[in-house]
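Colleague: A single structure is presented below for examination.
The values are calculated or read from the model by the stated rules, or taken from the named source; none is laboratory data. Owing to the predicted nature of the structure, the values given are computational and were not obtained by experimental measurement. Methodologically, a virtual Cβ is constructed for each residue, glycine included, from the backbone with ideal geometry; neighbour enumeration extends over all protein chains shown. Ligands, DNA and RNA are excluded from the accessible area calculation, which covers all protein heavy atoms including side chains. Shrake-Rupley method; radii C 1.70, N 1.55, O 1.52, S 1.80 Å.
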Amino acid sequence: MLLLPYLSWRRRPAGHIIFMDEKIIHIQRLQWAGQKFLFFITMLSILENGVCCPRECSCEHLLVNCTDRQLEEFPTGIPMDTRQLILTHNNLTYLPSMDLNLLIDLVYLDCSHNILGDSLEATFIAVPLVYLDLSHNNISKITTGTFYLLTSLVVLKLSDNPNLEEIEKDAFANNTGLRQLDLSRTALTYLDVTTVSELPSLRTLGLSSNPWDCYCPMKDFLKWVTESDIYFTDEENMTCTTPVQIHGEQLTETEKHINLMCYTNLYERDYLFLMLVGFVIFGSGTVVAWLTGVCVVLYDRLCGPSEDDEDEDDEEPPPPPKPKKKEEEA
């Protein structure tokens, strides 16, 4: 096609032909430059999509494995199409939100056996995680904003965080697809029942080896554990630490204790006893009132005023004499 203009202009004067030849060469050079640029962009895209790999990690297909590399910072240069990222057994103290959320295809993240703390707030924003392992870290609190945007989350592991003492009531309210949740071997003593009971997809829950306080504030949670059809992992180690009288008793066997401690349960013999006590109190009050009346009557009879005194009291004193009027002087 580039020769057509040349053929159409070949009958024109020589000066015009030379000018058009230079123009054609210039266009061809631009085409070569464009092809080189497209090739460079293509190679760059290929490098970003899997050929490049962080030097601390190993990459295979869509998996980046950085296990046990003594990492103290989040690795850079992770391919943007990575779907599985393994960072276990390192020394990471935080996860940079900007670098992490560039991995828009990431569905599997294993950050177990690190030293991550409470800097997870607003960390997970744009990643479509399905599997998240944060076990064996130093997390102490889970808030409503920690996992709020992880709407696709199915598996969440928070076990073996020895400082985890608090999980806010609605911490998992937006994780409606959550099927497996592990809270074993933490410092949890209390958990609001709605935190787990309102997860419609939950099927497996780990609560073992926690120092649960089985007092009245936990009665709704303990009742739910007893009646729920969810599978509890390591159920034999789901035990109470306090109060002392049921120390070591399984959570699923605390219903009798909770009923005695937190609810007022009256049996037939209790009602009979209360009726007897009421009858005794009523009878005693009646007898006391009757004896009091008798005593008052006897006192009036024995210590009342005599008849002579009553006669004297009945006689009215004579009226005082009227003063005589002085005679008028004549």
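Colleague: Residue 232 is checked against (1) within 24 Å of residue 143 (Cα to Cα); (2) part of a loop (DSSP other than H, G, I, E, B); (3) of a type outside the set (Asp, Glu); (4) free of Cβ contacts under 8 Å to residues at least 40 places away in the same chain and fails just one. What number does that condition carry?
Modeller: Status for residue 232: all satisfied but (2).
Colleague: Among the listed residues 215, 263, identify the single one that is loosely packed, with under 14 Cβ neighbours inside 10 Å and aromatic (Phe, Trp, Tyr). Explain how you work it out, then say what you get.
Modeller: Working: 215 fails: loosely packed, with under 14 Cβ neighbours inside 10 Å.
When all the criteria are applied, what remains is 263.
Colleague: If you don't mind, another one. Name the residue that is farthest from the chain's Cα centre (by Cα), counting only residues in the range 49-103 that are more than 23 Å from residue 149 (Cα to Cα) and in a helix (DSSP H, G or I).
Modeller: By that ranking, first place goes to 51.
Colleague: If you take the residues of the range 56-79 that are farther than 23 Å from residue 116 by Cβ and surrounded by fewer than 17 Cβ atoms within 10 Å (Cβ to Cβ), which of them is modelled with the lowest pLDDT?
Modeller: It comes out as 61.
Colleague: Another question about this same structure. If a residue must be part of a loop (DSSP other than H, G, I, E, B) and open to solvent by less than 10 Å² (accessible area, probe 1.4 Å), how many such residues does the range 121-134 contain? Let's see the steps before the verdict.
Modeller: Within the range 121-134, the first condition is being part of a loop (DSSP other than H, G, I, E, B), and the residues that meet it are 121-130, 134.
This time we only want the ones that are open to solvent by less than 10 Å² (accessible area, probe 1.4 Å), so: 123-124, 127, 129, 134.
Residues meeting the conditions: 5.
Colleague: Mind listing just one residue for me: the one in the range 87-107 that is more than 16 Å from residue 139 (Cβ to Cβ) and β-branched (Val, Ile, Thr) and, of those, least open to solvent (accessible area, probe 1.4 Å)?
Modeller: Top of the filtered list is 107.
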